[in-house]
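J.: I am attaching a structure below and will ask some questions about it afterwards.
The values are calculated or read from the model by the stated rules, or taken from the named source; none is laboratory data. Only a predicted model underlies this, so the values are computations on that prediction, with no experimental measurement involved. All Cβ positions, even for glycine, are placed from backbone atoms using ideal geometry, and neighbour counts span all protein chains on display.
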């Protein structure tokens with residue numbers, strides 16, 4: 001059977017369609033499009049409103065319009081810059097309009113003199129009259145339907161060789177098949193929430209008659225995506241409730257003594273959440289709790305107390321952090337906290353494997369004097385500082401993985417190394433995940449699966465990224481949420497100021513004064529280095545009006561060239577601005593040993609100014625660092641700016657944050673102003689959600705949600721409706737046998753934050 005003879009259905013491979021070739025099929029496959037069905041659910045990223053149909057004589061400069069005319073002239077010409085320009089002149093009632101395209105000489109074959117054409121675009125002009133640059137067009141002679149002009153036109157995510165124009169044509173030609181697509185939502189839900197049926201929604205998402213119908217269709221598919229998420233969350237939670245965990249004894253007296261020894265007083269919130277956790281882990285039902293607290297609110301000590309109680313039961317604890325720097329910091333903090341306790345502690349990352357016996361009351365601090373074992377090539381080497389030859393951790397040739405599997409390490413702190421297949425625990429009773437928003441659901445499950453027992457470990461997640469209520473409901477419906485809103489006693493608000501280029505020198509002088517008082521400073525940049533391409537002046541100037549694509553490319557090039565980079569900024573600050581102070585740089589491409597040494601030197605005040613990427617965003621705690629400069633601040637999300645600012649203000653000394661920007665964008669300035677005015681991460685998160693949507697909270701790669709579905713996360717009513725519908729569906733049909741679409745989709749929905 002030839003391609004012409006094939007019966008086309010929703011399951012037809014796109015490669016088998018008439019006029020399809022292997023090259024197109026491969027490009028479509030790379031876009032996730034293999035079958036006809038996939039085309040219908042490949043949604044536009046935006047829309048062009050070409051419904052403003054006007055006569056040429058009535059066109060106004062700057063407006064977006066659609067005109068109809070007859071092609072009177074068309075030719076290619078090479079400009080003095082050797083750029084190929086295609087120009088067509090169309091006429092209507094004695095008035096003419098020029099259409100201009102750059103770099104598309106093949107268009108001359110599609111534009112034939114005497115044919116009627118529709119053209120849609122923005123009206124511009126030059127000394128020779130009005131024109132349109134790079135308009136959308138279609139030949140209308142002998143055709144009844146329009147897909148490219150004269151209406152609301154969808155614009156799809158594109159790849160080289162597959163344009164929105166091609167996708168529009170192909171979807172339109174196959175749209176008669178839409179009736180084959182079964183309804184996925186319960187009829188009760190469609191009626192209750194006034195949602196369009198699936199065939200109507202698909203019509204209005206691809207070819208809307210007006211923007212209202214388009215928004216109604218977006219609402220329906222956004223609801224469907226949210227329903228997928230809620231179904232998965234609810235089903236996971238119900239499955240978890242069927243599991244059994246180890247009910248742990250609460251060692252109340254020992255915990256009270258431990259708290260009394262702390263060099264600070266716990267806040268009311270910290271005490272409350274500690275008790276909530278202890279109550280949870282004393283039950284046979286697995287705890288699934290998220291501690292959400294602002295930067296500096298003291299989440300780590302709450303987690304440490306929980307870990308202490310588990311260690312007293314001689315069960316194991318795993319604490320997973322997103323970066324080696326943060327894992328190392330937790331390791332060092334726990335050594336100080338648990339010094340003198342009957343606890344064995346290990347650090348496990350891709351570059352380091354360390355163990356320490358904390359029964360000695362005065363363990364010295366790594367890297368040079370810590371009474372620990374540095375593990376290389378799977379074997380142990382005894383530290384020259386060690387004297388206890390009888391301790392099991394000092395047995396030569398015993399691998400760290402074996403020691404953990406034997407249950408001889410109480411608390412294991414690490415990075416993603418904790419979820420390697422080769423690592424097993426004997427009796428993992430508590431899994432702690434720091435910076436929860438940096439990990440996905442699969443990683444949570446992988447860590448929990450490390451227990452050697454059949455009973456599932458309790459889970460405690462920590463996050464310093466404030467999450468608005470709507471997002472918490474949407475993405476953390478499987479977790480109980482505890483919020484730390486109190487700050488430790490004596491903490492001062494960080495003085496925050498936006499610094500323009502003309503005020504930069506004054507900020508530097510202020511910094512110099514504080515550095516002379518033996519305080520320390522962070523300088524955070526958005527990039528490691530500026531590439532050679534970014535240092536170029538940009539594309540050649542040309543007299544002709546550039547295309548929108550060319551303009552956008554030039555804007556991006558100019559923007560990149562303004563972005564401060566760590567290497568360049570280190571050279572500038574250390575040699576030109578602050579030559580009298582000790583400076584160092586830190587970024588993710590450095591080797592682990594080098595990063596660790598720099599951080600240790602910074603903590604011990606051997607380095608006064610640390611120039612870094614956002615690698616210091618999470619977990620870095622240097623109380624003497626009281627000064628923060630954020631370069632090209634407009635390049636960071638508001639929640640991220642708040643996180644970075646939170647690296648200072650970790651003591652009772654007044655701290656300052658200078659937000660450097662060259663941007664003149666009003667929206668960017670509004671975000672920075674919000675950072676200045678508010679010191680509450682929760683307030684800032686809500687503000688950023690309203691201003692920008694949830695994009696910075698939910699990574700596109702992890703969620704896989706289209707933009708309109710993402711924006712729906714700010715709609716509390718929709719989130720709650722999806723949650724209610726999910727509960728009803730699972731109550732009536734736990735295995736979703738009557739909902740094959742959702743049964744198939746649910747496992748593939750990822751809602752990790754990054």
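J.: Here is a list of conditions, (1) modelled with pLDDT of 90 or more; (2) not in a loop (DSSP other than H, G, I, E, B), and residue 25 meets all of them except one; can you say which number that is?
T.: (1)
J.: Further question: Could you list, in sequence order, all residues of region 24-40 that are within 29 Å of the chain's Cα centre (by Cα) and free of Cβ contacts under 8 Å to residues at least 24 places away in the same chain?
T.: Listed by number, the residues that qualify are 26, 29, 32, 33, 34.
J.: So which of 170, 160 ends up being loosely packed, with under 15 Cβ neighbours inside 10 Å, within 36 Å of the chain's Cα centre (by Cα) and closer than 28 Å to residue 35 by Cβ?
T.: None of the others qualify; the one that does is 160.
J.: Taking into account only those residues within region 278-313 that are in a loop (DSSP other than H, G, I, E, B) and in contact with a helix residue (DSSP H, G or I) (Cβ under 7 Å, 6 or more places away or on another chain), which is surrounded by the fewest Cβ atoms within 10 Å (Cβ to Cβ)?
T.: Filtering region 278-313 for residues that are in a loop (DSSP other than H, G, I, E, B) and in contact with a helix residue (DSSP H, G or I) (Cβ under 7 Å, 6 or more places away or on another chain), the one surrounded by the fewest Cβ atoms within 10 Å (Cβ to Cβ) comes out as 285.
J.: How many residues, within region 78-97, are at pLDDT 85 or above and under 44 Å from the mean Cα position of the chain (by Cα)? Working first, answer last.
T.: Pass one, region 78-97, residues at pLDDT 85 or above: 85-97.
From the residues that got through so far, the ones that are under 44 Å from the mean Cα position of the chain (by Cα) too are 85-87.
The qualifying residues number 3.
J.: Could I ask something else about it? Collect the residues in region 560-616 that are under 27 Å from the mean Cα position of the chain (by Cα), in contact (Cβ under 8 Å) with a residue 40 or more places away in the chain and in a helix (DSSP H, G or I), keeping them in residue-number order.
T.: 562, 566, 569, 592, 595, 596, 599, 614, 615, 616
J.: Here's a follow-up. Hey, any hits in region 149-159 for a residue that's outside any loop (DSSP other than H, G, I, E, B), closer than 24 Å to residue 9 by Cα and either without any contact (Cβ under 8 Å) to a residue 40 or more places away in the chain or touching a helix residue (DSSP H, G or I) at 6+ places or on another chain (Cβ under 8 Å) (or both)?
T.: yes
J.: Being surrounded by fewer than 17 Cβ atoms within 10 Å (Cβ to Cβ), out of contact with any helix residue (DSSP H, G or I) (no Cβ under 8 Å at 6 or more places or on another chain) and assigned to a loop (DSSP other than H, G, I, E, B): is that true of residue 72 here?
T.: Values: surrounded by fewer than 17 Cβ atoms within 10 Å (Cβ to Cβ): yes; out of contact with any helix residue (DSSP H, G or I) (no Cβ under 8 Å at 6 or more places or on another chain): yes; assigned to a loop (DSSP other than H, G, I, E, B): no.
Criteria not met by residue 72.
J.: Right, next: Just a yes or no: is a residue in region 36-48 surrounded by fewer than 16 Cβ atoms within 10 Å (Cβ to Cβ), in a strand (DSSP E or B) and not assigned by TED's automatic domain parsing to the domain that holds residue 140?
T.: Looking for residues that are surrounded by fewer than 16 Cβ atoms within 10 Å (Cβ to Cβ), in a strand (DSSP E or B) and not assigned by TED's automatic domain parsing to the domain that holds residue 140, one finds at least one in region 36-48, hence yes.
J.: Continuing with this model, one more query. Are any residues in region 725-754 in a loop (DSSP other than H, G, I, E, B), surrounded by 18 or more Cβ atoms within 10 Å (Cβ to Cβ) and at pLDDT 85 or above, and if so, which ones?
T.: Across region 725-754, the qualifying residues are 736, 739.
J.: Can I ask one more? Assuming residue 210 fulfils every condition listed in (1) within 23 Å of residue 155 (Cα to Cα); (2) crowded, with 20+ Cβ neighbours inside 10 Å apart from one, which condition is it?
T.: (2)
J.: Also, quick follow-up: For residue 722, indicate whether it is part of a helix (DSSP H, G or I), over 20 Å from residue 186 (Cβ atoms), at pLDDT below 90 and within 25 Å of the chain's Cα centre (by Cα).
T.: Numbers: part of a helix (DSSP H, G or I): yes; over 20 Å from residue 186 (Cβ atoms): no; at pLDDT below 90: yes; within 25 Å of the chain's Cα centre (by Cα): yes.
When the stated conditions are applied, residue 722 does not pass them.
J.: For region 169-188, state whether one or more residues are more than 30 Å from residue 729 (Cα to Cα) and in a strand (DSSP E or B).
T.: There is no residue in region 169-188 that is more than 30 Å from residue 729 (Cα to Cα) and in a strand (DSSP E or B).
J.: Could I ask something else about it? Checking the structure you have, find out if any residue of region 175-187 is under 28 Å from residue 90 (Cα atoms) and in contact with a helix residue (DSSP H, G or I) (Cβ under 6 Å, 6 or more places away or on another chain).
T.: Checked region 175-187: no residue is under 28 Å from residue 90 (Cα atoms) and in contact with a helix residue (DSSP H, G or I) (Cβ under 6 Å, 6 or more places away or on another chain).
J.: Right, another one. If you take the residues in region 134-150 that are crowded, with 19+ Cβ neighbours inside 10 Å and at pLDDT 80 or above, which one is nearest to residue 45 (Cα to Cα)?
T.: 136
J.: With modelled with pLDDT of 75 or more and in the same structural domain as residue 304 (by TED's automatic domain parsing) as the only criterion, which of 526, 457, 488, 501 stands out?
T.: Working: 526 fails: in the same structural domain as residue 304 (by TED's automatic domain parsing); 488 fails: in the same structural domain as residue 304 (by TED's automatic domain parsing); 501 fails: in the same structural domain as residue 304 (by TED's automatic domain parsing).
Step by step, each of 526, 457, 488, 501 is checked, and only 457 is modelled with pLDDT of 75 or more and in the same structural domain as residue 304 (by TED's automatic domain parsing).
J.: What are the residues in region 45-101 that are free of Cβ contacts under 8 Å to residues at least 12 places away in the same chain and either within 16 Å of residue 120 (Cα to Cα) or touching a strand residue (DSSP E or B) at 6+ places or on another chain (Cβ under 8 Å) (or both), if any?
T.: Answer for region 45-101, where residues must be free of Cβ contacts under 8 Å to residues at least 12 places away in the same chain and either within 16 Å of residue 120 (Cα to Cα) or touching a strand residue (DSSP E or B) at 6+ places or on another chain (Cβ under 8 Å) (or both): 58, 77, 78.
Conditions tested, residue by residue: (1) touching a residue at least 40 places away in the same chain (Cβ under 8 Å); (2) assigned by TED's automatic domain parsing to the domain that holds residue 347; (3) under 23 Å from residue 407 (Cβ atoms); (4) more than 34 Å from the chain's Cα centre (by Cα).
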residue: 239; (1), (2), (3), (4): no, no, no, no
residue: 256; (1), (2), (3), (4): no, yes, no, yes
residue: 291; (1), (2), (3), (4): yes, no, no, no
residue: 302; (1), (2), (3), (4): yes, yes, no, no
residue: 306; (1), (2), (3), (4): yes, yes, yes, no
residue: 313; (1), (2), (3), (4): yes, yes, yes, yes
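J.: Anything in region 645-663 that is modelled with pLDDT of 90 or more, under 26 Å from the mean Cα position of the chain (by Cα) and within 17 Å of residue 609 (Cα to Cα)? List them, or say none.
T.: The answer is 645, 648, 657, 658, 659, 660.
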